[in-house]
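This report refers to the structure that appears directly beneath it.
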Amino acid sequence: MPVPESHEFFIDPRRCIGCNACVQACTECDTHKGHAMIQLDYVDRGASPQTVPVVCMHCDSPTCAEVCPADAIKRTGDGVVQTARKPRCIGCNNCVLACPFGVPKMSTGMNLMMKCDMCYDRTSIGKKPMCASVCPSQALFFGTREEMARLRPASRVLNVFRFGNQTITTRVNMLVPGQAFVESLDVLSALHEPAAGNDAAENVLLDGMEAPHAG
Amino acid sequence: MHREVRNAAAWAGLLTLALGALIVAGSRSLAHFDAALVAYTFASLFAVFGITYRYAIWLQRPPTAVYWRRGFELFLRRGHLGSNLRLLVTRLVSDFGTNAFIWKRDKLRGLTHMLLMWGCVLAAAITFPLVFGWLHFEAMPDRPDWYRPVVFGFATPAFPVRSLVAFLIFHGLVWSAFLVMGGVMLAMRRRMRDEGAAAVQFFAEDMLPLILLFAVSLSGLLLTVSYTWLAGYGYEFLALFHAITVIVTLLWLPFGKLFHVFQRPAQLGVAFYKDVAARSEPASCARCGHAFASRMHVRDLETVEAALGYRYDDPGEVGHYQRICPRCRRALVALAQAALARGPSSRRAALPAPMPSYANPGLGEGPLGSEDRDNFHP
Ligand code: SF4
Ligand code: SF4
């Protein structure tokens, strides 16, 4: 059964409180039992509480699948990019290194790439992905656009990302402020952005001191 | 016609002709060729054409081509041939002989694959030489109760017809059928009981090959049953049914999942590649400055991406998006989103920026293994 078109994944890293609930829930998904596929990082642990949850964005033209020498990554008709097919994956790391969002993981012993496949065992029968069903802050949300519009009237959804000269459209949406009039999120524009909270730290605590991490 | 298609068709034609020539030579100008098996032979020739064609197309895809070329380059590097050969033999034994990496995925899965693989290998090793006339048995003129196998026209040591050896050899396909059927049943059980597997499987890709293998084995076994215990009851029907199942499987080989048998050895080239990558100069992330992967791999990926039509090159200071490590990529997406909300920060962070760290660094929660931890997500 396909994942219903009306149901979409929405992600809003700004809301992430780094509670690790998604990480725990992810290990319970049946398609990759016991391993968490969600990537949860501190952007700058020493200076900021900002955390970032990253799920597979399910790209329309998935770089991971295209650079795979073994044809191991398939995209289903409903736009879900599946984790590597076990008989095919030769553990080469191409997908890990090429995914613009930094999603796939490599299981060395099993010689196998593993990644989030939007809990296909659940979403294909009308349930929410594990992570979205437990996220207390709705940084990860699975539902319809109408629900989202009701819950976050001040935000709008964006699913076009720019990396250098490359534009990638994804099935998973990101929430951006309603007044941000951009057609796509220019990822490299953030190259010199400090983690959230860094400004305050610098102004209040470190006034006159050398900026942390410079150099 | 595209160049790739022409190349692939040429290779496919060449290999099919080569097999034809080998059949003529090995059966001593068809003297030992069993005309009853001609349908199998044509199905095999078709399979060789199809497999070679698909393989050649596959090899010409940019990512495969890079690994293929580099794999050989690195294997044949001067001064490394000895250690490479050792690595090759170890890999052949652990990856192919014992399927070590599959056992690590799951014990039952490892057993399933061993049964299926060795069953099929045994069956193929018996069937193809028989069908192509490369193997036949001759009664010895002076001792009619002894048989001599003749392989590719060359005589080999004879053995008595009524002996354990003879029993084992003449029932080779029975043993292989038992192995395959055991494997198929375990695989089916998993596919029916494991919800995760059930959710992502496709009928044609995952079930059909199992059904085909089961049908081939069962009909083959029933043939033995018919002539051993039932005085040949239903033999003709069974023989026809068996032939159909085998031929369909052969024709299916180039298309479906069973093609992985031919793709899988690419793993060997990748092992050499990784081996060299681990010892060569690392790439350093354009954002956090930490080492990640090898420069060779990053550069190769830039080439592959360009060949595939991706434009990850960057007009700004990074040069190419590929030069940013996966961790920083994850952070960058979030930082760009946050900047949309609060406006760009008043402070421009100096590079190298701090490296993002796993919120949960436990193995399996953050990194999955040594490669994730040390190398590829620095
Ligand atoms: S986000 Fe990465 S892993 Fe997911 S589909 Fe896109 S390229 Fe593949
Ligand atoms: S690691 Fe596996 S899935 Fe990823 S590109 Fe290599 S073969 Fe394909």
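The values are calculated or read from the model by the stated rules, or taken from the named source; none is laboratory data. All of these numbers come straight from a predicted model, not from anything done at the bench. Please note: Cβ atoms are built from the backbone with ideal geometry, for glycine as well, and neighbour counts cover all protein chains shown. Accessible surface is based on the protein model in full, side chains and every heavy atom, while ligands, DNA and RNA are left aside. Shrake-Rupley method; radii C 1.70, N 1.55, O 1.52, S 1.80 Å.
The number of residues in the stretch B:92-110 being more than 10 Å from every other protein chain (Cβ to nearest Cβ) and either open to solvent by 70 Å² or more (accessible area, probe 1.4 Å) or among the acidic types (Asp, Glu) (or both) comes to 4. A single member of B:Gly71, B:Gly79, B:Gly133 is touching a Ser or Thr at 6+ places or on another chain (Cβ under 7 Å) and not charged (D, E, K, R), and it is B:Gly133. Quick check on this structure: which one of A:Asn203, A:Asn165 is at pLDDT 95 or above, within 11 Å of chain B (Cβ to nearest Cβ) and surrounded by fewer than 15 Cβ atoms within 10 Å (Cβ to Cβ)? Checking each option against the conditions leaves just A:Asn165. Reported count of residues in the stretch B:295-349, each being closer than 21 Å to A:Ala47 by Cβ and outside any helix (DSSP H, G or I), is 9. Comparison of B:Ala350, B:Ala334 shows that the only residue that is within 7 Å of another protein chain (Cβ to nearest Cβ) and touching a helix residue (DSSP H, G or I) at 6+ places or on another chain (Cβ under 9 Å) is B:Ala334. Of the residues screened, A:Gly34 is one that is open to solvent by 10 Å² or more (accessible area, probe 1.4 Å) and over 22 Å from A:Pro177 (Cα atoms). Scan the stretch A:30-78 for residues that are facing chain B (nearest Cβ under 7 Å) and within 12 Å of ligand 1 (Cβ to nearest atom) and jot them down. Hits for the stretch A:30-78 are A:Gln39, A:Val54, A:Thr63, A:Glu66, A:Val67, A:Cys68.
Scanning the stretch B:353-364 for residues that are at the interface with chain A (Cβ under 7 Å from one of its Cβ atoms) and under 14 Å from A:Tyr42 (Cβ atoms) turns up B:Ala353, B:Pro354, B:Pro356, B:Ser357, B:Tyr358, B:Ala359, B:Asn360. Check the stretch A:115-130 and report whether any residue there is more than 9 Å from ligand 1 (Cβ to nearest atom), outside any loop (DSSP other than H, G, I, E, B) and either polar (S, T, N, Q) or within 30 Å of B:Tyr55 (Cβ to Cβ) (or both). Yes - at least one qualifying residue is present in the stretch A:115-130. For the stretch A:39-96, a tally of residues being open to solvent by 10 Å² or more (accessible area, probe 1.4 Å), in contact with a Leu (Cβ under 9 Å, 6 or more places away or on another chain) and not in a loop (DSSP other than H, G, I, E, B) returns 2. For first residues located in the stretch B:42-65 and away from ligand 1 (no atom under 16 Å from the Cβ), partners that are β-branched (Val, Ile, Thr) and open to solvent by 20 Å² or more (accessible area, probe 1.4 Å) and lie 6+ apart or on another chain with Cβ distances below 6 Å form the pairs B:Ala43/B:Ile247; B:Leu45/B:Thr16; B:Val48/B:Thr16; B:Phe49/B:Thr16. Starting from residues that are aliphatic (A, V, I, L, M), touching a residue at least 60 places away in the same chain (Cβ under 8 Å) and closer than 23 Å to B:Ala336 by Cα, keep the ones in the stretch A:47-104 and report whichever is nearest to ligand 2 (Cβ to nearest atom). That would be A:Val103.
With the requirement that a residue be of a type outside the set (A, V, I, L, M, F, W, C), closer than 16 Å to B:Trp11 by Cα and open to solvent by 30 Å² or more (accessible area, probe 1.4 Å), what does the stretch B:39-60 give you? The answer is B:Tyr53, B:Arg54, B:Tyr55, B:Gln60.
Within the stretch A:128-137, can one find any residue that is among the basic types (Lys, Arg) and without any contact (Cβ under 8 Å) to a residue 60 or more places away in the chain? Checked the stretch A:128-137: at least one residue is among the basic types (Lys, Arg) and without any contact (Cβ under 8 Å) to a residue 60 or more places away in the chain. Filter the stretch B:273-289 down to the residues that are closer than 21 Å to A:Gly164 by Cα and surrounded by fewer than 19 Cβ atoms within 10 Å (Cβ to Cβ) and list them by number. Residues satisfying the conditions are B:Ser284, B:Gly289.
Looking only at residues of the stretch A:112-123 that are open to solvent by less than 10 Å² (accessible area, probe 1.4 Å) and under 19 Å from A:Asn173 (Cβ atoms), we find that the one that is farthest from ligand 2 (Cβ to nearest atom) is A:Thr123.
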